[in-house]
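First the structure, in the form of C-alpha coordinates, and then the observations on it.
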(Lines give C-alpha, C1' and ligand atoms only; values in the text may rest on other atoms or scores of the structure.)
Protein backbone atom coordinates (compact mmCIF):
# COMPACT_ATOMS: atom_id res chain seq x y z
CA UNK A 1 0.00 0.00 0.00
CA UNK A 2 1.43 3.35 -1.00
CA UNK A 3 1.57 6.06 1.63
CA UNK A 4 1.63 9.74 0.69
CA UNK A 5 4.23 11.65 2.66
CA UNK A 6 4.17 15.38 3.20
CA UNK A 7 6.19 18.14 4.78
CA UNK A 8 3.77 20.65 6.25
CA UNK A 9 4.39 24.26 7.16
CA UNK A 10 1.94 24.33 9.98
CA UNK A 11 2.24 27.87 11.15
CA UNK A 12 -1.23 29.10 10.29
CA UNK A 13 -4.45 27.36 11.13
CA UNK A 14 -7.82 28.53 9.84
CA UNK A 15 -9.54 30.45 12.62
CA UNK A 16 -12.36 27.98 13.16
CA UNK A 17 -12.13 28.26 16.94
CA UNK A 18 -12.88 31.38 18.91
CA UNK A 19 -9.83 33.56 19.33
CA UNK A 20 -11.06 34.37 22.80
CA UNK A 21 -9.65 31.01 23.74
CA UNK A 22 -6.12 32.08 22.79
CA UNK A 23 -3.92 32.14 25.84
CA UNK A 24 -6.74 30.62 27.88
CA UNK A 25 -4.72 29.22 30.76
CA UNK A 26 -3.35 30.68 33.96
CA UNK A 27 0.35 31.45 34.24
CA UNK A 28 1.70 32.68 37.54
CA UNK A 29 5.39 32.97 36.74
CA UNK A 30 6.75 36.45 37.43
CA UNK A 31 9.02 38.18 34.96
CA UNK A 32 12.48 39.08 36.17
CA UNK A 33 14.25 42.45 35.88
CA UNK A 34 13.54 44.12 32.57
CA UNK A 35 10.87 41.55 31.80
CA UNK A 36 13.29 38.64 31.32
CA UNK A 37 11.89 35.24 32.16
CA UNK A 38 13.72 33.58 35.02
CA UNK A 39 15.42 30.71 33.20
CA UNK A 40 17.14 28.53 35.78
CA UNK A 41 18.07 24.94 34.93
CA UNK A 42 15.58 22.28 35.94
CA UNK A 43 17.51 19.29 37.23
CA UNK A 44 16.32 16.07 35.61
CA UNK A 45 16.19 12.78 37.43
CA UNK A 46 19.44 10.96 36.69
CA UNK A 47 18.97 8.37 33.96
CA UNK A 48 15.27 9.14 33.52
CA UNK A 49 12.87 11.78 32.31
CA UNK A 50 12.36 14.86 34.48
CA UNK A 51 9.76 14.28 37.16
CA UNK A 52 7.81 17.18 35.65
CA UNK A 53 8.17 19.88 33.02
CA UNK A 54 5.88 22.20 34.98
CA UNK A 55 8.63 24.48 36.29
CA UNK A 56 10.16 25.11 32.89
CA UNK A 57 6.78 25.70 31.24
CA UNK A 58 5.75 28.09 33.99
CA UNK A 59 8.94 30.11 33.50
CA UNK A 60 8.87 30.43 29.71
CA UNK A 61 5.18 30.39 28.79
CA UNK A 62 4.58 34.12 29.52
CA UNK A 63 6.95 35.01 26.66
CA UNK A 64 5.09 32.88 24.11
CA UNK A 65 2.21 34.50 22.20
CA UNK A 66 -0.60 33.56 19.84
CA UNK A 67 -0.68 35.51 16.59
CA UNK A 68 -3.90 36.33 14.72
CA UNK A 69 -3.49 37.30 11.07
CA UNK A 70 -5.99 39.02 8.80
CA UNK A 71 -5.37 39.74 5.16
CA UNK A 72 -6.24 38.72 1.64
CA UNK A 73 -5.13 35.42 0.19
CA UNK A 74 -4.34 35.81 -3.51
CA UNK A 75 -5.53 33.35 -6.15
CA UNK A 76 -3.94 29.95 -5.70
CA UNK A 77 -4.54 26.34 -6.52
CA UNK A 78 -6.16 24.70 -3.53
CA UNK A 79 -4.06 22.09 -1.75
CA UNK A 80 -6.29 19.13 -1.06
CA UNK A 81 -6.27 16.94 2.00
CA UNK A 82 -3.38 18.48 3.94
CA UNK A 83 -0.89 16.46 1.98
CA UNK A 84 -2.94 13.29 2.06
CA UNK A 85 -4.11 13.58 -1.53
CA UNK A 86 -2.54 12.38 -4.72
CA UNK A 87 0.59 14.53 -4.42
CA UNK A 88 0.17 16.15 -7.83
CA UNK A 89 2.95 18.63 -8.51
CA UNK A 90 0.46 21.32 -9.55
CA UNK A 91 -0.86 21.38 -5.99
CA UNK A 92 2.40 22.68 -4.58
CA UNK A 93 2.74 26.38 -3.74
CA UNK A 94 4.91 28.07 -6.34
CA UNK A 95 8.61 27.72 -5.64
CA UNK A 96 8.23 24.87 -3.17
CA UNK A 97 8.64 21.14 -3.68
CA UNK A 98 5.30 19.31 -3.95
CA UNK A 99 5.60 17.66 -0.56
CA UNK A 100 5.83 21.00 1.26
CA UNK A 101 2.45 22.39 2.34
CA UNK A 102 1.46 25.57 4.13
CA UNK A 103 -1.72 25.29 6.13
CA UNK A 104 -2.99 28.79 5.47
CA UNK A 105 -3.34 27.90 1.80
CA UNK A 106 -6.14 25.48 2.54
CA UNK A 107 -9.60 26.27 1.23
CA UNK A 108 -12.69 24.65 -0.24
CA UNK A 109 -12.01 22.16 -3.01
CA UNK A 110 -12.46 23.10 -6.62
CA UNK A 111 -9.41 24.28 -8.53
CA UNK A 112 -8.65 27.98 -8.56
CA UNK A 113 -9.85 30.12 -5.66
CA UNK A 114 -10.29 33.89 -6.08
CA UNK A 115 -8.67 36.40 -3.75
CA UNK A 116 -10.64 36.34 -0.52
CA UNK A 117 -10.37 37.48 3.09
CA UNK A 118 -8.00 35.37 5.15
CA UNK A 119 -8.07 34.80 8.90
CA UNK A 120 -5.40 32.58 10.32
CA UNK A 121 -3.28 32.05 13.40
CA UNK A 122 0.24 31.09 14.41
CA UNK A 123 2.70 31.43 17.27
CA UNK A 124 5.60 33.64 18.28
CA UNK A 125 7.70 34.70 21.25
CA UNK A 126 9.15 37.88 22.74
CA UNK A 127 12.93 38.30 22.54
CA UNK A 128 13.11 41.75 24.15
CA UNK A 129 11.27 43.55 26.95
CA UNK A 130 10.27 46.40 24.62
CA UNK A 131 8.10 44.23 22.38
CA UNK A 132 10.22 42.63 19.65
CA UNK A 133 9.06 39.12 18.85
CA UNK A 134 9.97 36.34 16.44
CA UNK A 135 7.70 34.20 14.27
CA UNK A 136 7.80 32.49 10.87
CA UNK A 137 7.70 34.53 7.69
CA UNK A 138 4.97 32.32 6.26
CA UNK A 139 2.74 33.22 9.21
CA UNK A 140 2.69 36.95 8.40
CA UNK A 141 3.80 37.41 4.78
CA UNK A 142 0.26 38.09 3.49
CA UNK A 143 -0.99 39.93 6.57
CA UNK A 144 -2.79 43.28 6.48
CA UNK A 145 -3.48 43.19 10.21
CA UNK A 146 -1.61 41.32 12.95
CA UNK A 147 -2.89 40.90 16.51
CA UNK A 148 -0.84 39.37 19.30
CA UNK A 149 -2.47 37.65 22.29
CA UNK A 150 -0.41 37.00 25.43
CA UNK A 151 -0.87 34.26 28.00
CA UNK A 152 -2.33 36.73 30.52
CA UNK A 153 -5.09 37.77 28.09
CA UNK A 154 -3.56 41.03 26.89
CA UNK A 155 -3.96 42.00 23.23
CA UNK A 156 -1.53 44.06 21.12
CA UNK A 157 -1.52 45.29 17.55
CA UNK A 158 1.75 44.30 15.86
CA UNK A 159 3.70 45.62 12.89
CA UNK A 160 6.28 43.81 10.78
CA UNK A 161 9.82 44.99 11.44
CA UNK A 162 11.35 42.77 8.79
CA UNK A 163 10.96 39.45 7.00
CA UNK A 164 13.51 36.99 5.63
CA UNK A 165 11.88 34.53 3.21
CA UNK A 166 15.21 32.74 2.74
CA UNK A 167 15.05 31.37 6.30
CA UNK A 168 11.27 31.70 6.81
CA UNK A 169 11.72 34.09 9.75
CA UNK A 170 10.12 37.42 10.63
CA UNK A 171 10.38 39.93 13.46
CA UNK A 172 7.32 41.82 14.71
CA UNK A 173 7.01 44.73 17.15
CA UNK A 174 4.28 45.60 19.64
CA UNK A 175 4.15 48.75 21.75
CA UNK A 176 4.83 47.67 25.29
CA UNK A 177 7.36 47.73 28.12
CA UNK A 178 8.63 45.26 30.68
CA UNK A 179 7.30 42.36 28.59
CA UNK A 180 8.48 38.85 29.49
CA UNK A 181 11.02 37.53 27.01
CA UNK A 182 13.30 34.59 26.46
CA UNK A 183 16.89 34.26 25.26
CA UNK A 184 18.55 32.07 22.64
CA UNK A 185 20.88 29.22 23.51
CA UNK A 186 24.28 30.48 22.41
CA UNK A 187 26.65 28.39 24.50
CA UNK A 188 26.07 24.65 24.22
CA UNK A 189 24.42 23.20 21.15
CA UNK A 190 21.59 20.74 21.80
CA UNK A 191 22.53 17.10 21.28
CA UNK A 192 20.50 14.26 19.85
CA UNK A 193 18.59 12.80 22.77
CA UNK A 194 18.32 16.04 24.78
CA UNK A 195 14.92 16.85 26.25
CA UNK A 196 13.07 19.80 24.70
CA UNK A 197 9.75 21.53 25.33
CA UNK A 198 7.68 23.20 22.58
CA UNK A 199 5.15 25.91 23.46
CA UNK A 200 2.69 27.37 20.95
CA UNK A 201 -0.81 27.88 19.63
CA UNK A 202 -1.92 24.64 17.91
CA UNK A 203 -5.37 24.75 16.32
CA UNK A 204 -5.84 28.21 17.89
CA UNK A 205 -6.24 26.69 21.34
CA UNK A 206 -3.76 29.10 22.89
CA UNK A 207 -0.73 28.27 24.99
CA UNK A 208 0.00 24.57 24.70
CA UNK A 209 3.15 22.79 25.88
CA UNK A 210 4.48 19.48 24.57
CA UNK A 211 7.71 17.65 25.39
CA UNK A 212 10.04 15.35 23.51
CA UNK A 213 13.66 14.94 22.53
CA UNK A 214 15.99 16.17 19.83
CA UNK A 215 15.68 13.41 17.23
CA UNK A 216 18.33 14.57 14.77
CA UNK A 217 20.45 17.57 13.81
CA UNK A 218 21.50 19.05 10.49
CA UNK A 219 18.56 17.94 8.36
CA UNK A 220 19.18 19.35 4.88
CA UNK A 221 17.08 19.92 1.75
CA UNK A 222 13.71 19.97 3.50
CA UNK A 223 12.65 23.28 1.98
CA UNK A 224 13.67 25.80 -0.64
CA UNK A 225 16.08 27.44 1.82
CA UNK A 226 19.84 27.02 1.39
CA UNK A 227 20.48 28.69 4.74
CA UNK A 228 18.87 26.27 7.19
CA UNK A 229 19.90 22.81 8.34
CA UNK A 230 16.92 21.84 10.48
CA UNK A 231 16.76 20.33 13.95
CA UNK A 232 14.33 17.42 14.13
CA UNK A 233 12.26 16.93 17.30
CA UNK A 234 9.54 14.51 18.37
CA UNK A 235 7.62 16.86 20.67
CA UNK A 236 4.09 16.92 19.14
CA UNK A 237 3.50 20.09 17.11
CA UNK A 238 0.54 20.83 14.85
CA UNK A 239 -1.21 23.54 12.86
CA UNK A 240 -0.73 26.90 14.50
CA UNK A 241 2.58 25.97 16.16
CA UNK A 242 4.58 27.70 13.41
CA UNK A 243 6.77 30.45 14.78
CA UNK A 244 6.59 29.06 18.30
CA UNK A 245 9.75 28.28 20.29
CA UNK A 246 11.32 25.05 21.42
CA UNK A 247 13.20 25.28 24.74
CA UNK A 248 15.92 23.34 26.47
CA UNK A 249 15.58 22.53 30.15
CA UNK A 250 17.21 25.83 31.09
CA UNK A 251 14.47 27.82 29.39
CA UNK A 252 16.60 28.94 26.45
CA UNK A 253 15.30 28.86 22.89
CA UNK A 254 17.00 26.12 20.87
CA UNK A 255 14.76 26.33 17.81
CA UNK A 256 11.68 27.75 16.12
CA UNK A 257 8.96 25.33 14.98
CA UNK A 258 8.43 25.64 11.24
CA UNK A 259 7.23 22.41 9.59
CA UNK A 260 6.27 18.79 10.18
CA UNK A 261 6.49 15.58 8.23
CA UNK A 262 3.09 13.97 8.04
CA UNK A 263 1.00 11.71 5.81
CA UNK A 264 -2.26 13.07 7.24
CA UNK A 265 -1.75 16.68 8.30
CA UNK A 266 -1.51 15.86 12.01
CA UNK A 267 1.54 15.31 14.18
CA UNK A 268 3.26 11.96 13.83
CA UNK A 269 6.23 12.93 15.99
CA UNK A 270 8.49 14.30 13.25
CA UNK A 271 8.83 18.06 13.48
CA UNK A 272 11.47 20.47 12.26
CA UNK A 273 12.91 23.58 13.90
CA UNK A 274 15.06 26.40 12.59
CA UNK A 275 18.10 26.24 14.92
CA UNK A 276 18.56 29.02 17.45
CA UNK A 277 21.87 30.27 16.05
CA UNK A 278 20.23 30.98 12.68
CA UNK A 279 17.25 32.66 14.38
CA UNK A 280 19.48 34.82 16.57
CA UNK A 281 21.60 36.01 13.65
CA UNK A 282 18.64 36.76 11.37
CA UNK A 283 16.50 38.46 14.03
CA UNK A 284 19.42 40.71 15.02
CA UNK A 285 19.77 41.93 11.42
CA UNK A 286 16.03 42.38 10.97
CA UNK A 287 15.80 44.51 14.12
CA UNK A 288 18.82 46.57 13.11
CA UNK A 289 18.08 47.20 9.43
CA UNK A 290 14.70 45.62 8.60
CA UNK A 291 16.30 43.17 6.20
CA UNK A 292 19.01 40.53 5.97
CA UNK A 293 22.06 41.26 3.81
CA UNK A 294 24.08 38.38 2.41
CA UNK A 295 27.14 38.01 0.24
CA UNK A 296 26.77 37.21 -3.46
CA UNK A 297 29.25 35.95 -6.04
CA UNK A 298 26.96 35.65 -9.05
CA UNK A 299 27.34 31.94 -9.74
CA UNK A 300 24.81 29.12 -10.03
CA UNK A 301 26.10 25.92 -8.46
CA UNK A 302 24.95 22.35 -8.00
CA UNK A 303 25.90 19.37 -5.85
CA UNK A 304 28.61 17.02 -7.05
CA UNK A 305 26.71 13.74 -7.05
CA UNK A 306 28.43 10.38 -7.32
CA UNK A 307 27.48 10.28 -11.02
CA UNK A 308 28.99 13.70 -11.64
CA UNK A 309 32.13 12.83 -9.68
CA UNK A 310 32.56 9.67 -11.77
CA UNK A 311 32.07 11.65 -14.98
CA UNK A 312 34.71 14.13 -13.86
CA UNK A 313 37.04 11.42 -12.61
CA UNK A 314 37.29 12.98 -9.13
CA UNK A 315 36.58 11.86 -5.58
CA UNK A 316 36.37 15.31 -4.02
CA UNK A 317 33.21 16.79 -2.58
CA UNK A 318 32.31 20.31 -3.53
CA UNK A 319 30.00 22.57 -5.51
CA UNK A 320 30.06 22.53 -9.30
CA UNK A 321 29.69 25.89 -11.05
CA UNK A 322 26.97 25.63 -13.69
CA UNK A 323 26.72 29.28 -14.67
CA UNK A 324 28.26 32.66 -13.87
CA UNK A 325 26.41 35.94 -14.13
CA UNK A 326 27.86 38.11 -16.92
CA UNK A 327 29.86 40.99 -15.42
CA UNK A 328 29.10 39.61 -11.92
CA UNK A 329 31.67 39.13 -9.14
CA UNK A 330 32.57 35.56 -10.19
CA UNK A 331 32.91 36.45 -13.87
CA UNK A 332 35.13 39.42 -13.00
CA UNK A 333 37.33 37.14 -10.87
CA UNK A 334 37.67 34.51 -13.59
CA UNK A 335 35.43 31.75 -12.24
CA UNK A 336 34.06 29.57 -15.06
CA UNK A 337 31.28 27.02 -15.58
CA UNK A 338 32.70 23.59 -14.85
CA UNK A 339 34.89 24.80 -12.00
CA UNK A 340 34.51 22.69 -8.88
CA UNK A 341 34.66 24.76 -5.68
CA UNK A 342 36.36 22.79 -2.90
CA UNK A 343 36.82 25.41 -0.16
CA UNK A 344 35.62 28.88 0.80
CA UNK A 345 38.05 30.90 2.91
CA UNK A 346 39.83 27.68 3.80
CA UNK A 347 36.69 25.84 4.93
CA UNK A 348 35.78 22.65 3.02
CA UNK A 349 32.60 22.75 0.92
CA UNK A 350 30.63 19.51 0.59
CA UNK A 351 27.55 20.73 -1.29
CA UNK A 352 25.93 23.61 -3.13
CA UNK A 353 24.07 24.63 0.03
CA UNK A 354 27.36 24.73 1.96
CA UNK A 355 28.70 27.19 -0.60
CA UNK A 356 25.56 29.34 -0.57
CA UNK A 357 25.65 29.52 3.23
CA UNK A 358 29.37 30.31 3.37
CA UNK A 359 29.09 33.06 0.76
CA UNK A 360 25.99 34.43 2.48
CA UNK A 361 28.02 35.07 5.62
CA UNK A 362 30.14 37.64 3.76
CA UNK A 363 29.36 41.33 3.50
CA UNK A 364 29.30 43.29 0.26
CA UNK A 365 32.86 44.27 -0.55
CA UNK A 366 34.49 41.39 1.35
CA UNK A 367 37.05 39.28 -0.50
CA UNK A 368 36.06 35.61 -0.64
CA UNK A 369 38.85 33.13 -1.35
CA UNK A 370 37.73 30.09 -3.35
CA UNK A 371 39.79 26.93 -3.80
CA UNK A 372 38.80 25.59 -7.20
CA UNK A 373 39.57 22.46 -9.22
CA UNK A 374 39.79 23.16 -12.97
CA UNK A 375 41.18 20.80 -15.63
CA UNK A 376 42.65 18.61 -12.91
CA UNK A 377 44.51 21.48 -11.27
CA UNK A 378 43.68 23.20 -7.99
CA UNK A 379 43.89 26.99 -7.95
CA UNK A 380 42.82 29.91 -5.76
CA UNK A 381 40.38 32.53 -7.01
CA UNK A 382 39.64 35.70 -5.04
CA UNK A 383 36.11 37.03 -5.55
CA UNK A 384 34.96 40.41 -4.29
CA UNK A 385 31.51 39.80 -2.83
CA UNK A 386 28.50 41.70 -4.04
CA UNK A 387 25.15 42.11 -2.27
CA UNK A 388 22.74 39.23 -2.78
CA UNK A 389 19.50 40.33 -4.49
CA UNK A 390 16.17 39.54 -2.86
CA UNK A 391 14.83 36.01 -3.20
CA UNK A 392 11.97 37.40 -5.31
CA UNK A 393 14.41 39.03 -7.75
CA UNK A 394 16.47 35.84 -8.03
CA UNK A 395 13.35 33.79 -8.73
CA UNK A 396 12.22 36.30 -11.37
CA UNK A 397 15.57 36.19 -13.16
CA UNK A 398 15.43 32.40 -13.16
CA UNK A 399 12.22 32.44 -15.19
CA UNK A 400 13.64 34.36 -18.13
CA UNK A 401 13.36 32.91 -21.58
CA UNK A 402 16.41 31.12 -22.86
CA UNK A 403 17.61 28.77 -25.55
CA UNK A 404 15.83 25.70 -24.22
CA UNK A 405 12.36 24.88 -25.44
CA UNK A 406 12.71 25.97 -29.05
CA UNK A 407 11.51 23.70 -31.84
CA UNK A 408 14.18 21.23 -32.89
CA UNK A 409 13.67 19.14 -35.97
CA UNK A 410 15.55 15.85 -36.09
CA UNK A 411 17.87 15.60 -39.06
CA UNK A 412 18.22 11.86 -38.91
CA UNK A 413 21.15 11.95 -36.48
CA UNK A 414 20.79 9.58 -33.56
CA UNK A 415 23.22 9.27 -30.68
CA UNK A 416 22.32 5.77 -29.56
CA UNK A 417 25.00 5.68 -26.87
CA UNK A 418 23.08 8.32 -24.93
CA UNK A 419 19.59 7.51 -26.18
CA UNK A 420 19.22 10.91 -27.89
CA UNK A 421 18.21 12.32 -31.23
CA UNK A 422 20.22 15.45 -31.90
CA UNK A 423 20.20 18.38 -34.30
CA UNK A 424 22.22 21.56 -34.86
CA UNK A 425 20.99 24.60 -32.98
CA UNK A 426 19.89 26.80 -35.88
CA UNK A 427 18.75 29.69 -33.67
CA UNK A 428 21.90 30.12 -31.61
CA UNK A 429 24.61 28.92 -33.99
CA UNK A 430 26.26 26.89 -31.23
CA UNK A 431 25.48 23.87 -29.17
CA UNK A 432 23.49 20.79 -30.09
CA UNK A 433 19.73 20.66 -29.71
CA UNK A 434 18.00 17.58 -28.28
CA UNK A 435 15.36 16.56 -30.83
CA UNK A 436 14.19 13.44 -29.04
CA UNK A 437 14.90 11.25 -26.01
CA UNK A 438 14.58 7.46 -25.73
CA UNK A 439 12.12 6.93 -22.88
CA UNK A 440 14.06 3.97 -21.50
CA UNK A 441 17.45 5.68 -21.51
CA UNK A 442 19.46 7.04 -18.61
CA UNK A 443 19.18 10.46 -20.28
CA UNK A 444 15.39 10.31 -19.89
CA UNK A 445 15.70 9.25 -16.26
CA UNK A 446 18.07 12.15 -15.62
CA UNK A 447 15.51 14.57 -17.04
CA UNK A 448 16.83 15.51 -20.48
CA UNK A 449 14.02 16.77 -22.71
CA UNK A 450 13.33 17.65 -26.31
CA UNK A 451 14.52 21.22 -26.87
CA UNK A 452 17.41 21.10 -24.39
CA UNK A 453 20.64 22.62 -25.68
CA UNK A 454 23.85 20.64 -25.04
CA UNK A 455 26.71 23.12 -24.94
CA UNK A 456 29.59 20.90 -23.79
CA UNK A 457 30.59 17.37 -22.98
CA UNK A 458 33.02 17.64 -20.10
CA UNK A 459 35.38 20.43 -21.14
CA UNK A 460 34.76 20.01 -24.89
CA UNK A 461 32.46 22.41 -26.72
CA UNK A 462 29.73 20.82 -28.83
CA UNK A 463 28.96 23.21 -31.65
CA UNK A 464 27.75 20.47 -34.00
CA UNK A 465 26.25 16.98 -33.66
CA UNK A 466 29.60 15.63 -34.88
CA UNK A 467 31.33 17.31 -31.92
CA UNK A 468 28.95 15.63 -29.49
CA UNK A 469 29.33 12.20 -31.10
CA UNK A 470 33.12 12.47 -31.13
CA UNK A 471 33.25 13.52 -27.47
CA UNK A 472 31.04 10.61 -26.41
CA UNK A 473 33.05 8.17 -28.51
CA UNK A 474 36.33 9.35 -27.00
CA UNK A 475 34.91 9.06 -23.47
CA UNK A 476 33.75 5.52 -24.21
CA UNK A 477 37.13 4.60 -25.71
CA UNK A 478 38.91 5.85 -22.58
CA UNK A 479 36.79 3.57 -20.39
CA UNK A 480 34.40 6.13 -18.94
CA UNK A 481 30.94 4.85 -18.03
CA UNK A 482 29.28 8.26 -18.25
CA UNK A 483 29.73 11.74 -19.64
CA UNK A 484 28.93 15.09 -18.08
CA UNK A 485 26.68 17.19 -20.30
CA UNK A 486 26.45 20.96 -19.84
CA UNK A 487 22.82 21.76 -20.71
CA UNK A 488 20.83 24.98 -21.17
CA UNK A 489 17.08 25.07 -20.64
CA UNK A 490 14.84 28.09 -20.14
CA UNK A 491 17.71 30.43 -19.36
CA UNK A 492 19.15 28.06 -16.73
CA UNK A 493 22.37 26.07 -17.13
CA UNK A 494 23.11 22.81 -15.36
CA UNK A 495 25.38 19.77 -15.51
CA UNK A 496 23.74 16.39 -16.10
CA UNK A 497 25.71 13.12 -15.92
CA UNK A 498 24.46 10.56 -18.46
CA UNK A 499 25.50 6.94 -18.71
CA UNK A 500 27.08 5.76 -21.97
CA UNK A 501 25.15 2.83 -23.39
CA UNK A 502 25.63 0.67 -26.46
CA UNK A 503 25.29 2.31 -29.82
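The values are calculated or read from the model by the stated rules, or taken from the named source; none is laboratory data. The model shown is predicted, which means the values in this text are computed figures rather than measured ones. A quick note on method: Cβ atoms are made from the backbone with ideal geometry, for glycine too, and the neighbour counts reach across all protein chains shown.
With respect to residue 209, is the statement that it is part of a strand (DSSP E or B), closer than 13 Å to residue 133 by Cβ and over 25 Å from the mean Cα position of the chain (by Cα) true? It is false that residue 209 is part of a strand (DSSP E or B), closer than 13 Å to residue 133 by Cβ and over 25 Å from the mean Cα position of the chain (by Cα). Within the set 331, 358, 350, 382, the sole residue that is part of a loop (DSSP other than H, G, I, E, B) and either touching a helix residue (DSSP H, G or I) at 6+ places or on another chain (Cβ under 9 Å) or modelled with pLDDT of 85 or more (or both) turns out to be 350. If the condition is being surrounded by 22 or more Cβ atoms within 10 Å (Cβ to Cβ), under 30 Å from the mean Cα position of the chain (by Cα) and assigned to a loop (DSSP other than H, G, I, E, B), then region 167-184 contributes 167, 168, 182. Looking across region 124-164 at every residue that is touching a helix residue (DSSP H, G or I) at 6+ places or on another chain (Cβ under 8 Å), closer than 19 Å to residue 252 by Cβ and crowded, with 22+ Cβ neighbours inside 10 Å, the one that is modelled with the lowest pLDDT is identified as 151. With the structure loaded, tell me whether residue 240 is part of a loop (DSSP other than H, G, I, E, B), in the same structural domain as residue 66 (by TED's automatic domain parsing) and more than 23 Å from the chain's Cα centre (by Cα) or whether it fails that test. Spelling it out, it is not the case that residue 240 is part of a loop (DSSP other than H, G, I, E, B), in the same structural domain as residue 66 (by TED's automatic domain parsing) and more than 23 Å from the chain's Cα centre (by Cα).
Checking region 297-309 against the condition returns a match, with at least one residue being out of contact with any strand residue (DSSP E or B) (no Cβ under 8 Å at 6 or more places or on another chain), surrounded by 15 or more Cβ atoms within 10 Å (Cβ to Cβ) and on the phi < 0 side of the Ramachandran plot. Residues that are at pLDDT 90 or above and either crowded, with 21+ Cβ neighbours inside 10 Å or touching a helix residue (DSSP H, G or I) at 6+ places or on another chain (Cβ under 8 Å) (or both) within region 361-371 comprise 368, 370, listed in sequence order. Return a yes/no flag: does region 217-237 have any residue that is surrounded by 20 or more Cβ atoms within 10 Å (Cβ to Cβ), assigned by TED's automatic domain parsing to the domain that holds residue 136 and closer than 18 Å to residue 67 by Cβ. Looking for residues that are surrounded by 20 or more Cβ atoms within 10 Å (Cβ to Cβ), assigned by TED's automatic domain parsing to the domain that holds residue 136 and closer than 18 Å to residue 67 by Cβ, one finds at least one in region 217-237, hence yes. Taking the criterion of being assigned to a loop (DSSP other than H, G, I, E, B), farther than 19 Å from residue 312 by Cα and in contact with a strand residue (DSSP E or B) (Cβ under 9 Å, 6 or more places away or on another chain), would at least one residue in region 460-468 satisfy it? Yes, region 460-468 contains a residue that is assigned to a loop (DSSP other than H, G, I, E, B), farther than 19 Å from residue 312 by Cα and in contact with a strand residue (DSSP E or B) (Cβ under 9 Å, 6 or more places away or on another chain).
Just so you know, in region 428-440 the residues that are modelled with pLDDT under 80 and part of a loop (DSSP other than H, G, I, E, B) include one that is surrounded by the most Cβ atoms within 10 Å (Cβ to Cβ), and it is 438. The numbered conditions (1) more than 21 Å from residue 300 (Cα to Cα); (2) in contact with a helix residue (DSSP H, G or I) (Cβ under 8 Å, 6 or more places away or on another chain) are all true for residue 477 except (2).
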